[in-house]
Amino acid sequence: MSTPRRILVTSALPYANGPIHIGHLVEYIQTDIWVRFQKLRGNECIYICADDTHGTAIMMSAQRTQCTEEQWIEQIQQEHMRDFAGFQIEFDNYGSTNCPENYELCKEFWHAFKAAGLVEQREVTQLFDGQQGIFLADRFVQGTCPHCDAEDQYGDSCDQCGATYSARELKNPTSTLTGSVPIEKSADHLFIMIEQLHEFLSDWSQSGEHLQTEIANYLQGHFLHEPLRDWDISRPAPYFGFEIPDHPGHFWFVWWDAPIGYIASTQQYCVRSGDDLDSWWRSPDTEIHHFIGKDITYFHTLFWPAMLKVADYTLPTKVHIHGFLTVDGKKMSKRDGTFIKAETYLKHVDPTYLRYFYASKLNGKVDDLDLNIDEFVAKVNSDLVGKVVNLASRTAKFVQELGLATEYPDDGGLFVQAAEDGDAIAEAYESCNYSLAMRLIMELADRANPYVETHEPWKLRKDPARQDELQNICTVAINLFRQIIIYLSPVLPELVEKTESLLGEQLNRWEQAKTPLTGRPVAKFQHMLKRLEEKDLQTMIDETREENDAQADDDVESVANPPAESTEQQQEPPETDGSAAELAVGHPYSDSDQPLKDEPLADEISFDDFMKVDLRVARVVKAEHVEEANKLLKLTLSLGGNETRQVFAGIKQAYDPADLEGRLVIMVANLAARKMRFGLSEGMIAAAGPGGEEVFMLAIDEGALPGQRVH
Ligand SMILES: [Zn+2]
């Protein structure tokens, strides 16, 4: 075997201003597959990422939710990490650009640029929101297009006539932050004179090694054919970011410290693993691969190589650039319910399906990728369930007692052929042409399944005289299945684990596909993957639509933490006293079975689990409308004595505040407080119903006292 390669891989740092959605996942799944493939091949490969945490947008989000920027980015990071883990995306380090390691590295890069004489100071006049006290980035200004007079256009371009301009050219500009009319104001800015690196950037980007051809051509046609414009790298206070040491009151623009975050996050990895940072970032023996979306091409293919060059770090071996996700041929849309959060997806659908589907679509080009819902269902069911899992589910149970044959039987050359195909499959993975890899793997399955069908092991099963034959056929089928699973393992880590349990063997080397497994027991076959049901996808889309409606109503910026809807967690306890059977047979109260269909009973929990939820009687001492919120009421609840709690409940359409004051309710008293746009919500009211006007709060009989626990 050749010497293992040493490979550092990154995905673009997700911005800490909102949740991960299925569009983002195109990149993280793509990268994770590539990293897993490299590890499977025996290469030393690490996957580095972090949250991108600086900039005006973060500052505004923190302000809107009345928390500090640090609290805001901490919460978002936790959510991002949770969602990535849910999709089996495994980083070797996941950091944050707002860390001391990054600040130190930013200074080091800065000194290198100053020493090279590449920094210049100049005065810049910009629009300024006097009410908010900040300079306005283009997207925070709206006004009338100076070219076609279209109204409500943003400060950089017109979506009616396509013109681009500076925000100061807009007619009747207003600040989107406060609605006030901005004034013009000047401040010093620091510029990087990147033109001095023009020749280097032309050579690097046009060498044919580091970029896809279409990207190299794009850079040549749009930027490199003329002098490169200086890069404005500082922002005056107030700004959430790193203050520039030799320019107090000025901060590095977020695009300075974001890519340096790749190195900072690697440094954290090195500290943890006792590794040396320079061996990853300043070594000719290490490959560096960035995976990014096409929208940030400019930063990663011109500025970032320039920064690495000046600060004397290793240049990227390759920047892998992908397109955007469309759903059913259209841009992801909140109104269509196709702007699906990772969190929402995971509630309803197995991540294995999406990993496989994306793999079957990604071809290493910059084209957009379409998630067609019908194709999604058909493909995962036909390929994964019908062709792959089926191989094992139809044969493994027959060798549960016999075990695998001690010698690999004659299979007409199927195993050898699949072992030889491994090279072509590996090449496809290496070049990020996963769709080709998936096609080649499915061809193996297409050859293996007829073998099983022809030999009909389920018939041999019944003939005691033909048990050897049965064992041989199943040994072949299980081995062909095992090869396919090894080849698919970068895509489907969960299926690998289940196969490992079945075969009692770790599958972690590509080479294992070359040698059959024989003379071993086979464990009891456990269910591996169920069919993808279209209705689960519909539920996911409906829920996304509802989330987005709620967001539009209440303008909660981070949909990662939707308002505490009263119906979200609490449901009425099921009948447990035996009367359910009675109800079913013509009792006057024979209710509809729709609620149970809509929301089936949850998995059984222990008494201890139940006791973790601290339900208390509480009295509504105050109920108020929340201005600008269409669903929420603000409730002040008394738990007796001087203990009160503030809760925002989504019951506005069902209850009049005046009717609530004085009544007893049941509240979840130990739920972690949630910061909302309107204030802190310190619990939840128990209620049933689908929401809107149909919300029914739990009442308690007269005599109960506020503060008493509900058991
Ligand atoms: Zn226009």
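The single condition from (1) surrounded by 15 or more Cβ atoms within 10 Å (Cβ to Cβ); (2) closer than 19 Å to Leu308 by Cα; (3) within 32 Å of the chain's Cα centre (by Cα) that Met193 fails is (3). Tallying residues that are open to solvent by 60 Å² or more (accessible area, probe 1.4 Å) and farther than 22 Å from His247 by Cβ within the stretch 206-234 yields 12.
Among residues belonging to the stretch 550-568 that are in a helix (DSSP H, G or I) and surrounded by 16 or more Cβ atoms within 10 Å (Cβ to Cβ), point out the one that is modelled with the highest pLDDT. If you could, list the steps in order and put the result at the bottom.
Narrowing the stretch 550-568 to residues in a helix (DSSP H, G or I): 550-554.
Those still in the list that are surrounded by 16 or more Cβ atoms within 10 Å (Cβ to Cβ) too: 550-551, 553-554.
Details: Ala550: 76, Gln551: 70, Asp553: 51, Asp554: 46.
My answer is Ala550.
Given the structure, is Gly261 out of contact with any Phe, Trp or Tyr (no Cβ under 7 Å at 6 or more places or on another chain), surrounded by fewer than 18 Cβ atoms within 10 Å (Cβ to Cβ) and either part of a helix (DSSP H, G or I) or charged (D, E, K, R) (or both)? When the stated conditions are applied, Gly261 does not pass them.
Taking helices (runs of 4 or more DSSP H) as the structural unit, those lying wholly within the stretch 1-111 and holding at least 2 residues that are closer than 27 Å to Tyr358 by Cβ, modelled with pLDDT of 95 or more and open to solvent by 10 Å² or more (accessible area, probe 1.4 Å) correspond to 22-40, 69-86. Whether any residue in the stretch 502-520 is open to solvent by less than 20 Å² (accessible area, probe 1.4 Å), farther than 30 Å from Val366 by Cα and outside any helix (DSSP H, G or I) is what I want to check. Yes, the conditions are met somewhere in the stretch 502-520. Residues that are closer than 24 Å to Lys365 by Cα and small (Gly, Ala, Ser): does the stretch 19-26 have at least one? Looking through the stretch 19-26, at least one residue is closer than 24 Å to Lys365 by Cα and small (Gly, Ala, Ser). When the stretch 390-410 is filtered for residues that are under 41 Å from the mean Cα position of the chain (by Cα), open to solvent by less than 10 Å² (accessible area, probe 1.4 Å) and of a type in the set (A, V, I, L, M, F, W, C), the ones remaining, listed by number, are Leu391, Ala392, Ala396, Val399, Leu404. Number of residues in the stretch 603-630 that are in contact with a Ser or Thr (Cβ under 9 Å, 6 or more places away or on another chain) and of a type in the set (A, V, I, L, M, F, W, C): the value is 4. Being more than 16 Å from the ligand (Cβ to nearest atom) and in contact with a strand residue (DSSP E or B) (Cβ under 6 Å, 6 or more places away or on another chain) is a condition met by no residue of the stretch 144-165.
For the stretch 93-104, does any single residue satisfy the condition of being within 30 Å of the chain's Cα centre (by Cα), within 16 Å of the ligand (Cβ to nearest atom) and without any contact (Cβ under 8 Å) to a residue 60 or more places away in the chain?
Taking the stretch 93-104 first, the residues within 30 Å of the chain's Cα centre (by Cα) are 93-104.
Those left that are additionally within 16 Å of the ligand (Cβ to nearest atom): none.
There is no residue in the stretch 93-104 that is within 30 Å of the chain's Cα centre (by Cα), within 16 Å of the ligand (Cβ to nearest atom) and without any contact (Cβ under 8 Å) to a residue 60 or more places away in the chain.
Within the option set Arg122, Arg168, Arg139, being in contact (Cβ under 8 Å) with a residue 60 or more places away in the chain, closer than 24 Å to Tyr239 by Cα, away from the ligand (no atom under 13 Å from the Cβ) and open to solvent by 70 Å² or more (accessible area, probe 1.4 Å) holds for one residue only, Arg122.
Does Asp203 satisfy the condition of being exposed (fewer than 13 other Cβ atoms within 10 Å of the Cβ), modelled with pLDDT of 90 or more and within 28 Å of Phe291 (Cβ to Cβ)? Walk me through it before giving the result.
On the way: exposed (fewer than 13 other Cβ atoms within 10 Å of the Cβ): yes; modelled with pLDDT of 90 or more: yes; within 28 Å of Phe291 (Cβ to Cβ): yes.
It is true that Asp203 is exposed (fewer than 13 other Cβ atoms within 10 Å of the Cβ), modelled with pLDDT of 90 or more and within 28 Å of Phe291 (Cβ to Cβ).
Taken together, Val181, Val141 contain a single residue that is among the β-branched types (Val, Ile, Thr), farther than 24 Å from Leu219 by Cα and more than 34 Å from the chain's Cα centre (by Cα), which is Val181. Restricted to the stretch 125-135, and to residues there that are surrounded by fewer than 22 Cβ atoms within 10 Å (Cβ to Cβ) and free of Cβ contacts under 8 Å to residues at least 60 places away in the same chain, the residue that is nearest to the ligand (Cβ to nearest atom) is Phe128. Sub-7 Å Cβ pairs linking a first residue in the stretch 339-357 that is at pLDDT 95 or above and aliphatic (A, V, I, L, M) to a second residue that is assigned to a helix (DSSP H, G or I) and open to solvent by 10 Å² or more (accessible area, probe 1.4 Å), at least 6 apart or interchain, are Ala342/Gly86; Leu346/Gly86; Val349/Asp536, ordered by first then second residue. Among the criteria (1) among the small types (Gly, Ala, Ser); (2) within 16 Å of the ligand (Cβ to nearest atom); (3) open to solvent by less than 20 Å² (accessible area, probe 1.4 Å), the one Ala187 does not fulfil is (2).
Screening Pro173 on (1) within 16 Å of the ligand (Cβ to nearest atom); (2) assigned to a loop (DSSP other than H, G, I, E, B); (3) in contact with a helix residue (DSSP H, G or I) (Cβ under 9 Å, 6 or more places away or on another chain) shows it passes everything except condition (2).
Can you name every one of the strands (runs of 3 or more DSSP E) wholly within the stretch 638-711 that holds 1 or more residues which are open to solvent by 40 Å² or more (accessible area, probe 1.4 Å) and at pLDDT 85 or above? Talk me through it step by step, then tell me what you get.
On the way: elements: 644-649, 664-668, 674-676, 679-681, 687-691, 694-697.
Fully inside the stretch 638-711 and qualifying: 644-649.
The residue that is least open to solvent (accessible area, probe 1.4 Å), among those in the stretch 411-438 that are without any contact (Cβ under 8 Å) to a residue 24 or more places away in the chain and farther than 19 Å from Val476 by Cβ, is Ala428. Does at least one position in the stretch 306-329 carry a residue that is of a type in the set (D, E, K, R) and closer than 29 Å to Lys387 by Cα? For the stretch 306-329, residues of a type in the set (D, E, K, R) and closer than 29 Å to Lys387 by Cα: present.
The values are calculated or read from the model by the stated rules, or taken from the named source; none is laboratory data. It should be emphasised that the depicted structure is a prediction, and the values quoted were computed from it without experimental measurement. Cβ atoms come from the backbone with ideal geometry, glycine included; neighbour counts cover every protein chain shown. Accessible surface areas use protein heavy atoms only, side chains included; no ligands, DNA or RNA. Shrake-Rupley method; radii C 1.70, N 1.55, O 1.52, S 1.80 Å.
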